[in-house]
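> Sharing a structure below in structure tokens format, with a few things to ask.
Read-outs throughout are calculated quantities, based only on the coordinates presented, and are distinct from any laboratory measurement. Treat the numbers as computed from the prediction; the structure is a model and nothing was measured. Here the Cβ positions follow ideal geometry from the backbone for every residue, glycine too, while neighbour counts run over all protein chains shown.
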Amino acid sequence: MPKRILEGVVVSDKGDKTVIVKVERTFLHPLLKKTVRRSKKYHAHDEANAYKAGEAARIIECAPKSKLKTWEVLPKDDQGASA
């Protein structure tokens, strides 16, 4: 099964080698037929401590690294390569 890749904004970089990324998704409400925005925060592994709060980041699924971390950020040099 392919690994999911999500895009979001770093909201916290206070942990060592950990960032919290807020991913926002939009969908059509089934009854009201109105666009709804929902967001979720993911703890992601950042080996180089490269990301700071406010920066855009792409995260990819990985094997669990801790209780909360099952995602890791893609390196900054890979950000524009697949776009």
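> Just to be sure I understand: of the beta bridges DSSP finds with both ends in the chain, what percent are antiparallel, rounded to 5?
Antiparallel bridges: around 90 percent, rounded to the nearest 5.
> Taking the Cα centre of the chain as origin, work out the dipole magnitude from +1 charges on Lys and Arg Cβ and -1 charges on Asp and Glu Cβ, in debye rounded to 20.
Its charge dipole is roughly 620 debye.
> Would you mind getting the Kirkwood hydrodynamic radius of the chain from its Cα pairs, rounded to one decimal in Å?
13.6 Å
> Straight distance only, please: which lysines reach the Cα of residue 3 with their own Cα at less than 27 Å, same-chain residues fewer than 8 apart left out?
Within reach: 14, 17, 22, 40, 41, 52, 65, 67, 69, 76.
> Go through segment 19-83 and name the GluC sites (Glu not before Pro) that are in a DSSP coil and have 15 or fewer other Cβ atoms within 10 Å of their Cβ.
47, 55
> A follow-up question, please. Round to the nearest 0.05 the FRET efficiency obtained for residue 53 and residue 28 when R0 = 30 Å and r is the Cβ-Cβ distance.
0.45
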